[in-house]
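Peer 1: Got a structure here, written out as structure tokens. Questions coming.
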Protein chains: 2
Amino acid sequence: MPGASQSRGEFGLIARFFSKLDKGPDVVLGNGDDAAILRLAPGEEFAVSVDSMLEGVHFPKASPPEDLAYRAVAAAVSDLAAMGARPVAMTLALSLPDADEDWLTRLRSGLADAVTDFSLPLIGGDLTRGPLTLSVQVMGAVPTGMALKRSGASAGDLLYVSGCLGDSAAGLAIIEERIEAPEDVAGLVCSRFWRPKPALELGVLLRGIATAAVDVSDGLLADVGHIARASEVCMVVDSALVPLSPALAKVVSPEQALAWALRGGEDYQLCFTLPKDVTPPEGCTRIGRVETGSGVRCDVTGASDGYRHF
Amino acid sequence: MPGASQSRGEFGLIARFFSKLDKGPDVVLGNGDDAAILRLAPGEEFAVSVDSMLEGVHFPKASPPEDLAYRAVAAAVSDLAAMGARPVAMTLALSLPDADEDWLTRLRSGLADAVTDFSLPLIGGDLTRGPLTLSVQVMGAVPTGMALKRSGASAGDLLYVSGCLGDSAAGLAIIEERIEAPEDVAGLVCSRFWRPKPALELGVLLRGIATAAVDVSDGLLADVGHIARASEVCMVVDSALVPLSPALAKVVSPEQALAWALRGGEDYQLCFTLPKDVTPPEGCTRIGRVETGSGVRCDVTGASDGYRHF
């Protein structure tokens, strides 16, 4: 059929722009056969997740290709971090409206950065003609039975988040020219949007310690809600404790900063619960607690605010 | 960002139409967490492949959703068959222009058929709004070191194909109303297009026997070319030996039938090489041989035709 013969021409593009990124310790057979072959260490399980990003929906039109490639991979890798998995390999299903050589070279450069930064060889994929879409499937490994789930939180546990929140949403607002910011601040928060750093090391540290974990992709309150549903508990977030970056304070009002931190999403930090007596890893902030019940409650317990239902 | 909040609404659709297909012997944790978890038997490796199908390119517009879902999965599964892998699980990245309930119900029904027929639980995926595209990533398992590759054919081996070829291309021609056919024949060849049966059992049988294997997806000559390149040999196809289905003979001229068998593709049979002294499994036909050199040569050695370079 027309598409089948059309796809012949894509072999050349794949060979030119997407090959030779497939080497890694777990890769037995990389690109170029009907399937790639991966071999894990004995006693490891496989963690699998897929994440699609569509132009105009998940990133603005005319985005820098190197950055959107990096971001698409980072977003998917963050799901591995949230499982406590180490990265093994990825595949990419790429849909492209056209095949401009300079654009593809830049896309490859961003992919190559991600392959290196996350130790995540690109072992397969396909290329179709269509609206710009990147579907990244990531595969990781975790020792048998040690994967972090959303379902283990119980009343009395404390709720933590890594890093700080809201920068990614601020970065997007700058990219979309909805707000202005000094150059140094803009550079920092935009790089948080384009080049997020999934918390892979933290995920590994949390194995066997955290009772539940999720990555902050949909927005803190939404993601905490995933834990609440899966664990059948009530999650209480104290918004006064939510860590905002100093950069964010320079860009917008405290109210806007908090709104982005709570609902902006795509920060790709980890949000997790620990039993009360467990010391959290460095760089993590307690932002709430687990109670019996259901849903998410967001309180503000600042010095003077007292208690406010969100 | 807009898309992020838009994607909230997709949670409900995923829960309604794509859940509860995730049970399987290798699935430790199915849908609903940051990643799914799979556990193989000791001594098994992972085979991974991704295959995207786009409306208007890989299937006609306004195709029956149950059939296109089945076909998208079957095409991806065929890559597992070509590796000699047993199916383990799949993920689906689905892009949809809208979310008509009846259409989604039918799509799910085709997916569910594929999950059952191929023992391939659907353990994850995502849903974005866009042109209708299904990216299916399949994962399989194969005993360590036993995967069938494209690269092991050597001069003196014989070339075989399973089943018969050309029906899928004929089915598409009927669906697109380029040719007409009696109802029973049309039904048969159209089902070969929509509901191909990947040669999973044959793939397993060929482990440790076949020197090279590929599935017939791009078209026999193109796929044989993949073996030629990977194995650095010349593949000689004797077109008089290529098995055409009796149904095909009722629909078109012998010339058209042969053209479709050689170049139509998407039959999802297996094409493989065996050492001369190895008996092929039942249902397979010898169609050529491996010589030193490179590329693909297609000869016609029918009773009267003698020798013709294609």
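Peer 1: Return yes when A:Val28 is at pLDDT 90 or above and either surrounded by 16 or more Cβ atoms within 10 Å (Cβ to Cβ) or touching an Asp or Glu at 6+ places or on another chain (Cβ under 8 Å) (or both) and no when it is not.
Peer 2: Yes.
Peer 1: Taking the stated definitions as given, is A:Ile175 closer than 30 Å to A:Ser109 by Cβ and over 14 Å from the mean Cα position of the chain (by Cα)? Walk me through how you get there before you give the answer.
Peer 2: Details: closer than 30 Å to A:Ser109 by Cβ: yes; over 14 Å from the mean Cα position of the chain (by Cα): yes.
In short, yes.
Peer 1: Do we have A:Glu101 as within 11 Å of chain B (Cβ to nearest Cβ) and of a type in the set (Asp, Glu) here?
Peer 2: no
Peer 1: Something else about it: Can you tell me which residues in segment A:223-272 are outside any strand (DSSP E or B), in contact with a Pro (Cβ under 9 Å, 6 or more places away or on another chain) and surrounded by fewer than 24 Cβ atoms within 10 Å (Cβ to Cβ)?
Peer 2: Within segment A:223-272, just A:Lys250 meets the criteria.
Peer 1: Report, by residue number, each residue of segment B:137-156 that is at positive phi and either surrounded by 24 or more Cβ atoms within 10 Å (Cβ to Cβ) or within 11 Å of chain A (Cβ to nearest Cβ) (or both).
Peer 2: The answer is B:Gly145, and nothing else.
Peer 1: May I ask you to verify whether B:Ser95 is over 30 Å from B:Ser253 (Cα atoms), free of Cβ contacts under 8 Å to residues at least 60 places away in the same chain and part of a strand (DSSP E or B)?
Peer 2: yes
Peer 1: Against the condition more than 11 Å from chain A (Cβ to nearest Cβ) and basic (Lys, Arg), how does B:Arg106 come out, does it pass?
Peer 2: Spelling it out, B:Arg106 is indeed more than 11 Å from chain A (Cβ to nearest Cβ) and basic (Lys, Arg).
Peer 1: Okay, moving on. Please give the number of the condition A:Leu127 fails out of (1) outside any strand (DSSP E or B); (2) facing another protein chain (nearest Cβ under 10 Å); (3) open to solvent by 10 Å² or more (accessible area, probe 1.4 Å); (4) not β-branched (Val, Ile, Thr).
Peer 2: It is condition (1) that A:Leu127 fails.
Peer 1: Of everything in segment B:273-291, what is open to solvent by 40 Å² or more (accessible area, probe 1.4 Å) and in contact with a helix residue (DSSP H, G or I) (Cβ under 7 Å, 6 or more places away or on another chain)? Give them in sequence order.
Peer 2: Once the filter is applied, which keeps residues that are open to solvent by 40 Å² or more (accessible area, probe 1.4 Å) and in contact with a helix residue (DSSP H, G or I) (Cβ under 7 Å, 6 or more places away or on another chain), segment B:273-291 yields B:Thr285, B:Arg286.
Peer 1: Quick one: count up the residues across segment B:106-131 that are among the polar types (S, T, N, Q) and touching an Asp or Glu at 6+ places or on another chain (Cβ under 9 Å).
Peer 2: Summing the residues that are among the polar types (S, T, N, Q) and touching an Asp or Glu at 6+ places or on another chain (Cβ under 9 Å) in segment B:106-131 gives 2.
Peer 1: Taking the residues in segment B:51-69 that are of a type in the set (Asp, Glu) and more than 16 Å from A:Asp126 (Cα to Cα) as candidates, determine which candidate is nearest to the other protein chains (Cβ to nearest Cβ).
Peer 2: B:Asp67
Peer 1: Next question. Among the candidates A:Gly264, A:Gly225, single out the residue that is touching a residue at least 12 places away in the same chain (Cβ under 8 Å) and closer than 21 Å to B:Asn31 by Cα.
Peer 2: It is A:Gly225.
Peer 1: So which residues in segment B:23-38 are facing another protein chain (nearest Cβ under 7 Å) and not in a loop (DSSP other than H, G, I, E, B), if there are any at all?
Peer 2: B:Val28, B:Leu29, B:Ala36, B:Ile37, B:Leu38
Peer 1: Report whether or not A:Ala89 is among the aliphatic types (A, V, I, L, M) and not in a strand (DSSP E or B).
Peer 2: No; evaluated as a whole, the condition is false for this residue.
Peer 1: Condition first: more than 14 Å from every other protein chain (Cβ to nearest Cβ) and within 16 Å of A:Gly140 (Cβ to Cβ). Now tell me which residues in segment A:205-234 satisfy that.
Peer 2: Of everything in segment A:205-234, just one residue is more than 14 Å from every other protein chain (Cβ to nearest Cβ) and within 16 Å of A:Gly140 (Cβ to Cβ), namely A:Leu205.
Peer 1: Select from segment A:55-85 the residues that are in a strand (DSSP E or B) and surrounded by fewer than 21 Cβ atoms within 10 Å (Cβ to Cβ) and list them in ascending order.
Peer 2: A:Glu55
Peer 1: Among the candidates A:Leu159, A:Leu134, A:Leu172, A:Leu107, which residue alone is closer than 21 Å to A:Tyr268 by Cα, open to solvent by less than 40 Å² (accessible area, probe 1.4 Å) and not in a strand (DSSP E or B)?
Peer 2: Matching residue, one of A:Leu159, A:Leu134, A:Leu172, A:Leu107: A:Leu172.
Peer 1: Please go through segment B:180-215 and give me each residue that is open to solvent by less than 50 Å² (accessible area, probe 1.4 Å), of a type in the set (A, V, I, L, M) and either part of a helix (DSSP H, G or I) or closer than 17 Å to B:Val73 by Cβ (or both), ordered by number.
Peer 2: B:Val185, B:Ala186, B:Val189, B:Ala199, B:Leu200, B:Leu202, B:Leu206 - these are the residues of segment B:180-215 that are open to solvent by less than 50 Å² (accessible area, probe 1.4 Å), of a type in the set (A, V, I, L, M) and either part of a helix (DSSP H, G or I) or closer than 17 Å to B:Val73 by Cβ (or both).
Peer 1: List the pairs whose first member sits in segment B:39-53 and is without any contact (Cβ under 8 Å) to a residue 60 or more places away in the chain, whose second member is crowded, with 20+ Cβ neighbours inside 10 Å, and whose Cβ atoms are under 8 Å apart, counting only residues at least 6 apart or on separate chains?
Peer 2: Short answer, once both residue conditions are applied: B:Arg39/A:Glu45; B:Arg39/A:Phe46; B:Arg39/B:Asp26.
The values are calculated or read from the model by the stated rules, or taken from the named source; none is laboratory data. Every value quoted in this text rests on a predicted model; they were computed, and no experiment measured them. Glycine also receives a Cβ, built like all others from the backbone with ideal geometry; neighbour counts cover every protein chain displayed. With ligands, DNA and RNA removed, areas are computed over all heavy atoms of the protein, side chains included. Shrake-Rupley method; radii C 1.70, N 1.55, O 1.52, S 1.80 Å.
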